1. Give just the number: which of (1) loosely packed, with under 14 Cβ neighbours inside 10 Å; (2) touching a residue at least 40 places away in the same chain (Cβ under 8 Å); (3) more than 15 Å from the chain's Cα centre (by Cα) does residue 42 not satisfy?
2. How many residues does region 52-77 contain that are surrounded by 16 or more Cβ atoms within 10 Å (Cβ to Cβ) and more than 10 Å from the chain's Cα centre (by Cα)?
3. Which one of these is in contact with a Gly (Cβ under 8 Å, 6 or more places away or on another chain), free of Cβ contacts under 8 Å to residues at least 12 places away in the same chain and among the aliphatic types (A, V, I, L, M): 96, 81?
4. Among the residues that make up region 19-38, is at least one of them over 18 Å from the mean Cα position of the chain (by Cα), loosely packed, with under 15 Cβ neighbours inside 10 Å, on the phi > 0 side of the Ramachandran plot and not in a helix (DSSP H, G or I)?
Amino acid sequence: MNNIFFQKLLRRFRMIGIAEGISFLVLLLIAMPIKYFLKIPEAVKIVGWMHGALFIAYMYLAIVVAITFKKNISWCIKTFLAAFIPMGTFVTGKELKKEEVTLQKS
């Protein structure tokens, strides 16, 4: 496999991580208050479903990246935990961007 494949994989994982992080923030900061303060539970149902799909995609790609790049267990744990911390996937994305740039240079 060539560097372009690896770059695309990292970029795809990074983009899913950003989308997952945004959906998590929307769920926590917009949908949940709408549900509890305005008594509109559909907000959480819709945003929660989207966040769940993005979370599954994030975890799937985390496994693919871990296997492809032979990441160690601490990277896997950190990446997994990042999905449960608001803005955690943005930090992971920043690190992935550095790795992606390194691949572009080689």
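1. Every condition holds for residue 42 apart from (2).
2. Here is the first cut: in region 52-77, the residues surrounded by 16 or more Cβ atoms within 10 Å (Cβ to Cβ) are 54-55, 57-58, 61-62, 65-66, 75.
Those still in the list that are more than 10 Å from the chain's Cα centre (by Cα) too: 65-66, 75.
Adding up the residues that qualify gives 3.
3. Values: 96 fails: free of Cβ contacts under 8 Å to residues at least 12 places away in the same chain.
Step by step, each of 96, 81 is checked, and only 81 is in contact with a Gly (Cβ under 8 Å, 6 or more places away or on another chain), free of Cβ contacts under 8 Å to residues at least 12 places away in the same chain and among the aliphatic types (A, V, I, L, M).
4. Restricting attention to region 19-38, the residues satisfying the condition of being over 18 Å from the mean Cα position of the chain (by Cα) are 30-38.
Pick out the ones that are also loosely packed, with under 15 Cβ neighbours inside 10 Å and you get 30, 33, 36-38.
From what's left, on the phi > 0 side of the Ramachandran plot: none.
No, region 19-38 contains no residue that is over 18 Å from the mean Cα position of the chain (by Cα), loosely packed, with under 15 Cβ neighbours inside 10 Å, on the phi > 0 side of the Ramachandran plot and not in a helix (DSSP H, G or I).
A short reminder: the numbers here are calculations on the coordinates, not readings from a lab. Just so you know, these numbers come straight off a predicted model, no measurement behind them. Reconstructed Cβ throughout: ideal geometry from the backbone, glycine too, with neighbour counts over all protein chains shown.
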